[in-house]
Amino acid sequence: MPGLDQDAQYREIEARMRRHAEGEPVGLVARRAEARERAERRAAARTEAEAQAAIERERAAVRQAVACKG
């Protein structure tokens, strides 16, 4: 940092580090919230896929039963 003596440079670096550290918890909370939302979306999609697979299995069983009778 041109124009600053060594003590002033250290103070400036410490101030920057402090500002950065203050922002970290906010970023962590946001990342955790985003991860939780992604996990909820994946769980909902998985539930929907499982329900759709159950419907398809039921339809296949009905088709097979009809084919066996005919």
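Distance between the 7 Å Cα→Cβ label points at residue 13 and residue 66: 7.8 nm.
The angle separating the long axis of helix 6-69 from the principal Cα axis of greatest extent in the chain is about 0 degrees.
Under a model in which nothing but the beta-carbon of Lys, Arg (+1) and Asp, Glu (-1) is charged, the chain shows a dipole of about 700 debye around its Cα centre. Heavy-atom accessible surface of the chain, averaged per residue, reaches 91 Å², computed with a 1.4 Å probe.
Would you work out what percent of the accessible area of the chain, with all protein chains in place, is carbon or sulfur (probe 1.4 Å)? Please report the intermediate quantities before stating the final value.
Values: 3540 of 6340 Å².
Of the solvent-accessible surface of the chain, carbon and sulfur hold 56 percent.
Hydrodynamic estimate: the Kirkwood radius of the range 15-70 over Cα pairs, inserted into Stokes-Einstein at 37 °C and 0.692 mPa s, corresponds to D of 215 µm²/s. Per residue of the chain, the DSSP helices (runs of n ≥ 4 H) give a summed -39500 (n - 2.57) that works out to -34500 deg cm²/dmol at 222 nm.
The values are calculated or read from the model by the stated rules, or taken from the named source; none is laboratory data. In this text the structure is predicted, and so the values were computed from the model without any measurement. Here the Cβ is made from the backbone with ideal geometry for all residues, glycine too, and neighbour counts use every protein chain on show. Please note that ligands, DNA and RNA were not included when accessible areas were found on the heavy atoms of the full protein model with its side chains. Shrake-Rupley method; radii C 1.70, N 1.55, O 1.52, S 1.80 Å.
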